[in-house]
Amino acid sequence: MEKTKGNSRRDSMARAEEEISVDWRGRPCKPNKHGGMSAAIFILGLEAFEMMAIAGVGNNLITYVLKEMHFPLPKSANIVTNFIGTVFLLSLLGGFLSDSYLGSFSTIFLFAFVELSGFILLAVQAHVAELRPPSCSEPGDECVEAKGYKALIFYGALYLVALGSGCLKPNIISLGADQFRAQSKKLSTYFNAAYFAFSTGQLVALTLLVWLQTNYGMDVGFGVSAAAMAAALVIFISGSCRYRNNLPRGTIFTPIAQVFVAAVTKRKQVCPSNTEMLHGSHRNPQNATSSTVTNLLHTEKLRFLDKACIKTQNHGSGNDVVEESPWRLCTVTQVEQVKILISVIPIFACTIIFNTILAQLQTFSVQQGTAMNTRLTSTFQIPPATLQSIPYLILIFVVPLYETLFVPVTRRITGKDSGISPLQRVGAGLFTATFSMVAAALVEAKRRKTAVQENSTLSIFWIAPQFVIFGVSEMFTAVGLIEFFYKQSVEGMQAFLTAMTYCSYSFGFYLSSILVSMVNKITSSSSSGGGGWLSDNDLNKDRLDLFYWMLAGLSMVNFFNYLFWSTWYSYNPSLSLSTSCATRDSADEDLENQTITSSKYVGADNTIT
């Protein structure tokens, strides 16, 4: 009987998925033709080439801003961090447009062209001397900061790239994951493959593109970025006939707003002790095993929101009951959806400091490299920005090993499809990131001492460890966070919740800009000489090492804060049951003998017992 029930559930899951999944022409998808890795491979190609294009600009942008636009170092660092922060902040716009109106496919198609136009405009400005400030490469030349129409062209091109890339990022991830919606093991594999594609794009950008920029000019480098983006668009369009697309569900904010309005309106009501009395309550776990998770089970946390589900007896002229407005009465599913959004916010916030550390590796650490000995041989010098390729070079080999060795071993121990849970993976990455700043602080102190006291330069390879350590931590944190947010999303919100992971990058880079300004202001006022830790363009006069130590301390405090919130968090049972049911679909035949009972319990460690 249990096997019959399992088959019935799988049939209902397949029917539900077919109802919401269409091809590029809007026709129902066919399981043997649409979706799967054969469709996701095109999306992974888009991910790799788009990352190559954006990284080719972002990772060496500070050099272009300093040497070509002639902005001072603190302002240049803020331009870079604000640009990258804006890219990730705009991912919310991309997620909203996708889930509410356009769908992931149309959103990617539209904004890929926007991003491509930004790359082309950057390449044109870098190539045409009249669109840049006069050169000041000769001794005695006055460096004039870019202003007027030259600055306008620069910022316009830069933020066209930001708008396009920002709206693309969450939809690339969510569209790829939609190809494996009901296959948990393959979904986890896809997230690792997406990070592998990301690392490959970064590696090519930080080696080939940076080398081209250094030896042939920024115009050539930006031109190659434009070509890579064009290639990404061609690859994406080539797979159009194979994609499984979820239809947009209308604005995602109205149901959320209705919950808050209804909860405030009925704030004086008393929640019933029997949760089955709540409007739209579904106590039977079998009602929540659809892959679409149409109905979410009630949870005990954030009970004040449950008042939005309390029914009140409103009568008309006779005995007819008047239906309450959706702004006064919501379903349990609506309320639980809002609870999920509120519950993930602390997890999201704990990754902001992590991305503030990433901002330093793309700005001040690059400047660290310029003050060191970059010569590898008598005729070959290493571009400082290329050092950022070290972690990605390592991860090209580590990610496949993680998927083929670490995951199967830990899966046997923990019973989780991904080996360790997404929250455990994020925690491991946050802890490791602290030591990246410790290594950076120690090396900068040694570099400064060598330069000031011994009048010699340290080899650029000394700063490699901070990139390697952070690369390993990013493999845990970035992939774990995306997997966590996607698996916590319900139908119609995948792209938006995935976009929240990119917002963490945004806030991290914005926080970096704020910290640089605050540290300069505070240390300048407390210093008798009037100079702050980061106030000069000369790192030998600055105290970048102390700034790194401050970030290491903040990172460790942030890790313990994360431990508290990750312990407090628990998955909604409906989502866990859905994942469990989907896992059985892709498992071996012997697992079909396992039974599912309504007595399952979601524990504090996010496992089902």
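At a glance:
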| quantity | calculated |
| --- | --- |
| Between the range 55-109 and the range 219-237, the Cα center-to-center distance that results, in Å | 16 |
| Residue 311 long-range amide H proximity, modeled H, under 5 Å | 279 |
| Gain in span if fully extended, residue 67 to residue 377, counting 0.36 nm per residue against the direct Cα distance | 109.1 nm |
| Under 15 Å, Cβ to Cβ, from residue 442 - net charge with Lys/Arg +1 and Asp/Glu -1 | +3 |
| Karplus-derived HN-Hα couplings along the range 125-132 (A = 6.51, B = -1.76, C = 1.60, θ = phi - 60°), whole Hz, x at Gly and Pro | 5, 5, 8, 8, 4, 5, 8, 10 |
| Amide H partners (placed H, <5 Å) of residue 375, local residues excluded | 382 |
| Partner lysines for residue 311 [C-alpha distance under 17 Å; skip if fewer than 8 residues away on the same chain] | 266, 268 |
| Sequence of 132, 328, 447 when ordered by accessible area, the most exposed leading, probe 1.4 angstrom | 328, 132, 447 |
| Loop sites in the range 392-491: GluC sites (Glu not before Pro), DSSP, at most 11 other Cβ within 10 Å | 454 |
| Interchain or long-range residues, amide H under 5 Å from residue 21's placed H | 29 |
| Karplus-derived 3J(HN,Hα), 6.51/-1.76/1.60, for each residue of the range 361-367, Hz, glycine and proline x | 5, 9, 10, 5, 5, 5, 5 |
| Residue 303-residue 25 pseudo-label distance in nm [points 7 Å out on the Cα-to-Cβ vector] | 5.5 |
| Prolate/oblate/rounded label for the range 294-439 (Cα gyration tensor, a/c 1.5) | prolate |
| Cβ-defined net charge surrounding residue 125, 10 Å radius [Lys, Arg +1; Asp, Glu -1] | -1 |
| The range 395-465 shape via C-alpha gyration tensor axes, a/c threshold 1.5 | prolate |
| Karplus (6.51, -1.76, 1.60) ³J(HN,Hα), θ = phi - 60°, over the range 145-162, in Hz, Gly and Pro reported as x | 5, 4, 9, x, 5, 5, 5, 5, 4, 4, 5, x, 5, 4, 8, 5, 4, 4 |
| Residues of type lysines that residue 150 reaches as a straight line, Cα spacing below 28 Å, ignoring anything fewer than 8 places off in the same chain | 67, 75 |
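The values are calculated or read from the model by the stated rules, or taken from the named source; none is laboratory data. All of these numbers come straight from a predicted model, not from anything done at the bench. No Cβ is skipped: glycine too gets one built from the backbone with ideal geometry, and neighbour counts run over all protein chains shown. The accessibility values were calculated without ligands, DNA or RNA, using every heavy atom of the protein model including side chains. Shrake-Rupley method; radii C 1.70, N 1.55, O 1.52, S 1.80 Å.
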